[in-house]
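Remarks on the structure that follows.
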Amino acid sequence: MYENNLITETITLAEAKSLIQCVSHEQSVLLLSAPGIGKSDTVAQAALESGLICKSLLGTQIAPEDVSGIPRIVGERSVFCPPRILLPETPEPFCLFLDELPACSPDIQKAFYSVLLERRIGEHQLPKGTWVVAAGNRVEDRALVRSLSAALINRVTILHVRADSNEWVRWARQHGIRAEIVAFLLFMSEALVRPVPAVPEPFSTPRSWTQLSQAMDLVEAKGLLTPAMRRSLAFGRVSPSDAAIFCAMADLQISEMPDVMSCIIEPQRIPESPSAQWFLVNLLRTKVREGSLGPVSGEQINRFLSALGSEFRFALFVDLVDQWARLGADESMLASLREVIGS
């Protein structure tokens, strides 16, 4: 990926977890991404699967002495006593997770240098096999992060992490995320993560969709989950445009709707509701515009289009004539033109 005049290679959370498990006992790792995609959970899962306790330090809420330790006098010398979270009494390895490291002040970042490179706090070594993993957001995420020093960057392996919709859907199904949210994100995978807005308003991330699901469960448990309540929760958690479409389609029970490709292959599966058909048209336009429609033949495309009403076909073709022509929809476009001119 080419971004901010730099070439950045991104990996998914599952790939990041595998790399953490492979190298973190020897080399420190720093995960960077937009807010809310699941970095902290990924580190915790990696540690749990490897039989390690995960201990977290929040970089924005500590002082340098919370890393280096407090001095005390022993004989004629001062000895620094590291905090228990960094150096437990038992010599068993653990996962040390330094959250929000890029948001730390320069003094805090400097205090972590020996931890990141040498697994050392003053004169004390961390237990052999201990992981050191850090995470944080990027400058472009408007998350009040600071520039990382060259010395810190040279002490870690930086992994640029992205959310993957297929990975998230699998995770969501295993963790009880509401069916209507999973179904919506299967239809509109681009709504899983939206760019951080320039104004302070909710925006869509895996975290916000997860918390929306949990909030809806809590309200439903009290018997109060009406369409109005759902709209209030959705607009308070995710991007306004995503919230509007999600709430409209939740009323249409989108969890029971077939996906776009199945409708193209089997036109008899096209929903009967006009609202649901408009939703299908909107999703299909997005896929055609982005070139993300799966493999499909011209025959299948034309059979599908002929099963739609003329107003839906026209809506699909607007500004996308060239893209539909490449998909082999010439026959349907010609038929639609004939309907307009009456011949």
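Numbers for the structure displayed
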quantity: Every pair of residues 6+ apart whose Cβ atoms lie under 8 Å, when the first sits in segment 96-120 and is surrounded by fewer than 21 Cβ atoms within 10 Å (Cβ to Cβ) while the second is charged (D, E, K, R) and part of a loop (DSSP other than H, G, I, E, B); calculated: A103/R146; S105/R146; P106/R146; Y113/R155; L117/R155
quantity: Those helices (runs of 4 or more DSSP H) lying entirely in segment 205-271 with at least 2 residues surrounded by fewer than 21 Cβ atoms within 10 Å (Cβ to Cβ) and in contact with a Pro (Cβ under 9 Å, 6 or more places away or on another chain); calculated: 240-251
quantity: Criterion violated by L32 - all others in (1) more than 14 Å from the chain's Cα centre (by Cα); (2) modelled with pLDDT of 85 or more satisfied; calculated: (1)
quantity: Subset tally (residues that are within 29 Å of W209 (Cα to Cα) and touching a helix residue (DSSP H, G or I) at 6+ places or on another chain (Cβ under 9 Å)) for segment 145-159; calculated: 3
quantity: Pair list, Cβ < 7 Å and 6+ apart or interchain, from segment 193-220 residues that are without any contact (Cβ under 8 Å) to a residue 40 or more places away in the chain and more than 16 Å from A163 (Cβ to Cβ) to residues that are of a type in the set (D, E, K, R) and in a helix (DSSP H, G or I); calculated: M216/R230
quantity: Pick from segment 178-194, criterion assigned to a loop (DSSP other than H, G, I, E, B) and farther than 13 Å from S208 by Cβ, ranking: modelled with the lowest pLDDT; calculated: M188
quantity: Number of the condition not met by R285 [criteria: (1) in contact with a Lys or Arg (Cβ under 7 Å, 6 or more places away or on another chain); (2) in a helix (DSSP H, G or I); (3) of a type outside the set (S, T, Y)]; calculated: (1)
quantity: Segment 250-271: number of residues that are modelled with pLDDT of 80 or more and within 27 Å of N302 (Cβ to Cβ); calculated: 12
quantity: Members of segment 181-232 found to be of a type in the set (S, T, N, Q) and more than 19 Å from the chain's Cα centre (by Cα), listed by number; calculated: T226, S232
quantity: Residue check, W171 at pLDDT 85 or above and not assigned by TED's automatic domain parsing to the domain that holds K55; calculated: yes
quantity: Options D259, D251: the member that is among the acidic types (D, E) and under 20 Å from V169 (Cα atoms); calculated: D259
quantity: Meets criteria (assigned by TED's automatic domain parsing to the domain that holds I11 and either free of Cβ contacts under 8 Å to residues at least 24 places away in the same chain or surrounded by 18 or more Cβ atoms within 10 Å (Cβ to Cβ) (or both)) for V156; calculated: yes
quantity: Residue check for E201: of a type in the set (D, E), farther than 20 Å from V260 by Cβ and assigned to a loop (DSSP other than H, G, I, E, B); calculated: yes
quantity: Candidates S306, S273, filtered to the one that is touching a residue at least 12 places away in the same chain (Cβ under 8 Å), closer than 21 Å to G328 by Cβ and among the hydroxyl-bearing types (S, T, Y); calculated: S306
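The values are calculated or read from the model by the stated rules, or taken from the named source; none is laboratory data. Here the structure is a predicted model, which is why all the values come from computation and not from measurement. For neighbour counting, all protein chains shown are included, and Cβ atoms are generated from backbone atoms with ideal geometry for every residue, glycine included.
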